[in-house]
Amino acid sequence: MYSEKVMDHFEHPRNVGEIENASGVGTVGNAKCGDIMRIYLDIDEQGIIRDVKFKTFGCGAAVATSSMATELVKGKSIQEAMEVTNKAVMEALDGLPPVKVHCSLLAEEAIHAALWDYAQKHGITIEGLEKPKSDIHEGEEEAEEEY
Ligand code: FES
């Protein structure tokens, strides 16, 4: 049911962990399955993603998609990272079963949420980036707004 790549990233996830003083942190969750994904980005002055780490409390596909998503954005510019959609993540993993598509969506949302956080901190606008819908960043007042 799962491709070899999905199994590989599930069993040996890349870039697990956190980044202290990250440039941007995004946490998203899926209310239905209860899975949570957090992505940390380290972005330099040129807007290049120097490092990226993730923590995922979720299913195997969520682990595999976050692992692949971090691999896809590492070393990329912010605009290139914006192109890492859930489709791109799924393709890089040689597909996911239909019931697991939402897991890849969580990975895309987590990257967007981390980029949003970075943009907020730096007072910049990232083209095509919208305020994350399910950002559940701890300790942030705006949390209720969305519900
Ligand atoms: Fe919800 Fe995978 S089952 S993220």
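Any idea which of Glu130, Glu109, Glu83, Glu71 is in contact (Cβ under 8 Å) with a residue 40 or more places away in the chain, over 15 Å from Lys5 (Cα atoms) and of a type outside the set (A, V, I, L, M, F, W, C)?
Glu109
Among the residues of region 21-31, count how many are of a type in the set (Gly, Ala, Ser), more than 16 Å from the ligand (Cβ to nearest atom) and either within 12 Å of Val73 (Cβ to Cβ) or under 11 Å from the mean Cα position of the chain (by Cα) (or both).
Matching residues across region 21-31 total 1.
Does Asp8 qualify as being out of contact with any Pro (no Cβ under 7 Å at 6 or more places or on another chain), away from the ligand (no atom under 16 Å from the Cβ) and not hydrophobic (A, V, I, L, M, F, W, C)?
Yes; evaluated as a whole, the condition is true for this residue.
Residues of region 86-95 being in contact (Cβ under 8 Å) with a residue 60 or more places away in the chain and in a helix (DSSP H, G or I), which ones?
Ala92
Each row is one residue, and each column tells you yes or no for (1) within 14 Å of the ligand (Cβ to nearest atom); (2) under 12 Å from the mean Cα position of the chain (by Cα); (3) in a helix (DSSP H, G or I).
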position: Met68; (1), (2), (3): yes, yes, yes
position: Ala81; (1), (2), (3): no, yes, yes
position: Val84; (1), (2), (3): no, yes, no
position: Val99; (1), (2), (3): yes, no, yes
position: Ser104; (1), (2), (3): yes, yes, yes
position: Glu108; (1), (2), (3): yes, yes, yes
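Out of region 86-97, which residues are touching a helix residue (DSSP H, G or I) at 6+ places or on another chain (Cβ under 6 Å) and more than 15 Å from the ligand (Cβ to nearest atom)?
Once the filter is applied, which keeps residues that are touching a helix residue (DSSP H, G or I) at 6+ places or on another chain (Cβ under 6 Å) and more than 15 Å from the ligand (Cβ to nearest atom), region 86-97 yields Ala92, Asp94.
Where the second residue is within 7 Å of the ligand (Cβ to nearest atom) and the first is basic (Lys, Arg) and lies in region 30-43, which pairs have Cβ atoms under 9 Å and are six or more apart or on separate chains?
Pairs found: Lys32/His102.
Is it the case that some residue within region 135-147 is of a type in the set (A, V, I, L, M, F, W, C) and either at pLDDT 95 or above or more than 13 Å from Asn30 (Cβ to Cβ) (or both)?
Yes, region 135-147 contains a residue that is of a type in the set (A, V, I, L, M, F, W, C) and either at pLDDT 95 or above or more than 13 Å from Asn30 (Cβ to Cβ) (or both).
Look through region 37-56, keep the residues that are within 16 Å of the ligand (Cβ to nearest atom) and not basic (Lys, Arg), and return whichever of them is surrounded by the most Cβ atoms within 10 Å (Cβ to Cβ).
For region 37-56, the residue satisfying everything is Ile39.
Kindly indicate which of Gly60, Gly34, Gly75 is over 14 Å from Ala113 (Cβ atoms), out of contact with any helix residue (DSSP H, G or I) (no Cβ under 7 Å at 6 or more places or on another chain) and within 14 Å of the ligand (Cβ to nearest atom).
Result of the check over Gly60, Gly34, Gly75: Gly34.
The values are calculated or read from the model by the stated rules, or taken from the named source; none is laboratory data. What you see is a predicted model, and the numbers here were worked out from it, not measured in a lab. Here the Cβ is made from the backbone with ideal geometry for all residues, glycine too, and neighbour counts use every protein chain on show.
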